[in-house]
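Structure first, commentary second.
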Amino acid sequence: MQITDAIKHMCEKSGKGVVGASQALGKSRMYLSALISRGSYPRTDTLAQIAQACGYKLVLEGNGEKIEIDPEPFTNQVVVEYGFTSIERPGD
């Protein structure tokens with residue numbers, strides 16, 4: 001799924017639509033609509049914030065682990081899960 005398609009999907013599934021999700025981010029009503037129509041790819045922290053506004057998490061999976069990207073701009077923490085255990089370590 002392309003990033004813009006994922007953003008549209010999250011907005012629709014959240015019940016907010018792109019306008020409501022834009023407002024939840026503290027942006028103009030047309031913020032996400034413009035991003036989607038231009039086919040722009042947001043920065044990772046912005047994508048994590050969009051996901052959070054829609055009730056989702058941005059998670060990277062691979063090599064048997066899951067890494068959740070924290071949408072908060074001043075939090076420098078990465079959570080790595082191994083099976084049933086979670087290990088928290090400071091981000092780089």
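The values are calculated or read from the model by the stated rules, or taken from the named source; none is laboratory data. These numbers were taken from a predicted model, which means no experiment stands behind them. FYI the Cβ positions are ideal-geometry reconstructions off the backbone, even for glycines, and counts take in every protein chain you see. Remember, those area values only see protein heavy atoms, side chains included, never the ligands or the DNA or RNA. Shrake-Rupley method; radii C 1.70, N 1.55, O 1.52, S 1.80 Å.
In segment 56-68, the qualifying residues are those that are open to solvent by less than 70 Å² (accessible area, probe 1.4 Å) and within 10 Å of the chain's Cα centre (by Cα), and the one that is nearest to ILE7 (Cα to Cα) is LEU58. Of all residues in segment 1-35, those satisfying the criterion of being basic (Lys, Arg), closer than 12 Å to ALA53 by Cα and surrounded by 13 or more Cβ atoms within 10 Å (Cβ to Cβ) are LYS16, LYS27.
Quick one: how many residues across segment 46-90 are at pLDDT below 90 and under 27 Å from GLY15 (Cα atoms)?
We begin by selecting, within segment 46-90, every residue at pLDDT below 90; these are 70-90.
When the remaining residues are screened for being under 27 Å from GLY15 (Cα atoms), the result is 70-73.
Residues in segment 46-90 being at pLDDT below 90 and under 27 Å from GLY15 (Cα atoms): 4 in total.
Of the residues in segment 17-76, how many are in contact (Cβ under 8 Å) with a residue 40 or more places away in the chain and in a loop (DSSP other than H, G, I, E, B)?
At the first step, the residues of segment 17-76 found to be in contact (Cβ under 8 Å) with a residue 40 or more places away in the chain are 47, 50-51, 54-56.
Pick out the ones that are also in a loop (DSSP other than H, G, I, E, B) and you get 54-56.
The number of residues fulfilling the criteria is 3.
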